[in-house]
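Q: Quick one: the structure is below, and I'll ask about it shortly.
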Amino acid sequence: MDLMDIQAPPQGAYAEADGVKYHYIELGEGSPTIFLHGGGPGCTGWSDFGQVAPLFAEDRRCFLVDILQYGKSAKPVIEGPMWDYHAAKTVALMDALGIDRADFVCNSWGGTIALNLAAKYPERVRSLVITGSMPVFHGPLAPLPEGGRRGRNARDRYYGGDGPSWEKMRDLMARLEWYDPEAIPDGTVTLRYEQSLDPEETALAGASDNPRGDWQDLSAELGRIQAPTLFFWAMYDAFLTPDYPLMLARMVPRGNLHVMSRASHHPQEERPYDYHSVVSGFLNQHHG
């Protein structure tokens, strides 16, 4: 299998969790590991982790989850604190799947959900791997790029103007998610583009109110996280430079930081073998 040319997604499944329906893809056997994707247009569990998941599935039971409001999962309007909502629903999904405790491997949006979950439901999390997430609204030294709104601004540009297109999706990925634009597989662009046309996703993107819930700063929560946490960052992340996760790693009691060269916001796609090597090494440590 050529991991740099993403395959068609395998057959997924659905689970009812506290009144909402989740879609997920399950691979492999072993220690339960939940993968939560980023918040970019058209992102799904498979689009973000499909290239690297088969490596983890060799010795882990992997759940590639479509976060609510993405992919084939339900797209409810969220009211109240957004990360509290997602954390509670993710725990309900774990209950529905019979998972008492899991490792979490997460990108961007999904990582903030997992950090909040680890703070609020510590008994459900064995360890965390977090890439490109923004759980707090300040940096250690300087303001965050575009005031921390770079992702939302990119979404607005993608859906605005003449609307979504394959070319606009590739441009978004080239500017914000990949270090080497020439390496972006056409298949991944197509998966993301086609998913971004989902009528419910388009409606969420165009809503003038805030259907994603109220933004939360998790500064207070980070200090409560008991699980060992690896902040896995790319040297050239377009959203948050490596000084930011170093700050986060010091805020989490058992925080660690790894910075990867030659990658941007999606290192698990750009360098899947190296990503798997580092992340599996961390996950396989005795975390107790």
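Q: Rounded to the nearest 10 Å², what accessible area does GLU29 have for a 1.4 Å probe in the complete protein model?
A: We get 150 Å² for GLU29.
Q: Each residue of region 181-186 in turn: what ³J(HN,Hα) in whole Hz from Karplus with 6.51, -1.76, 1.60 and θ = phi - 60°, glycine and Pro shown as x?
A: Each residue of region 181-186 in turn: x, 5, 8, 5, x, 4 Hz.
Q: In 10 Å bins starting at zero, report the fraction of Cα pairs in region 13-284 per bin as a rounded %.
A: For region 13-284, the binned pair fractions read 7, 33, 40, 20, 1 percent.
Q: Still on this structure: Take a quick pass over the chain and tell me how many lysine pairs come in under 26 angstrom between Cα atoms, counting only ones 8 or more apart or on separate chains.
A: Lysine pairs meeting both conditions in the chain amount to 10.
Q: Here's another thing I want to ask about it. For the chain, set up a GNM with springs between Cα atoms under 10 Å and report which of VAL65, VAL20, VAL52 has the largest fluctuation.
A: Among VAL65, VAL20, VAL52, the largest GNM mean-square fluctuation belongs to VAL20.
Q: Counting only residues 5 or more places away or on other chains, whose amide H sits under 5 Å from the amide H of LEU36 once H atoms are built in the peptide plane?
A: VAL105, CYS106, ASN107
Q: In terms of modelled amide H atoms, which long-range or inter-chain residues lie less than 5 Å from the amide H of PHE231?
A: Correct list: ILE130, ASN256, LEU257, HIS258.
Q: Can I ask one more? Collect residues whose amide H, placed 1.01 Å from N in the peptide plane, falls under 5 Å from the amide H of ASP237; neighbours closer than 5 in sequence don't count.
A: Result for ASP237 returns nothing.
Q: With charges only on Cβ, +1 for K and R and -1 for D and E, what is the dipole size of the chain about its Cα centre, in debye, rounded to 20?
A: On the way: 25 positive and 38 negative charges, 146 e Å.
Roughly 700 debye, rounded to the nearest 20.
Q: Could I ask something else about it? When the helices in the chain are scored as -39500 (n - 2.57) per DSSP H run of 4 or longer and the sum is shared across all residues, what 222 nm value do you end up with, to the nearest 500 deg cm²/dmol? Spell out each step's value before the answer.
A: Numbers: 12 runs with 106 residues, N = 288.
The helix contribution divided over the chain gives -10500 deg cm²/dmol.
Q: Separate question: Taking all protein chains together and a probe of 1.4 Å, list GLU201, GLU79 from the most accessible to the least accessible. All intermediate terms of the calculation are to be shown ahead of the outcome.
A: Values: GLU201 10, GLU79 155 Å².
Sorted by accessible area, descending: GLU79, GLU201.
Q: Using the Karplus curve 6.51 cos²θ - 1.76 cosθ + 1.60 with θ = phi - 60°, work out ³J(HN,Hα) for each residue of region 196-205 in order, rounded to whole Hz, and write x for Gly and Pro.
A: Per residue, the Karplus-derived 3J(HN,Hα) values read 5, 7, 3, x, 5, 5, 4, 5, 4, 5 Hz.
Q: Quick one: among THR90, THR188, THR202, which has the greatest mean-square fluctuation in a GNM of the chain with alpha-carbon springs under 10 angstrom?
A: THR202
Q: Choose one of ALA74, ALA183, MET94: the residue whose Cα lies farthest towards the positive end of the charge dipole of the chain (beta-carbon charges +1 Lys, Arg; -1 Asp, Glu; about the Cα centre).
A: MET94
Q: Can you grab the distance from the C-alpha centre of region 1-57 to the C-alpha centre of region 97-172, Å, no decimals?
A: 16 Å
The values are calculated or read from the model by the stated rules, or taken from the named source; none is laboratory data. Bear in mind the structure is a predicted one, so any value in this text is a computation, not a measurement. Backbone-built Cβ (ideal geometry, glycine too); neighbour counts: all protein chains shown. Ligands, DNA and RNA are stripped out before the accessible areas are found, and what is left, the full protein with its side chains, is counted by its heavy atoms. Shrake-Rupley method; radii C 1.70, N 1.55, O 1.52, S 1.80 Å.
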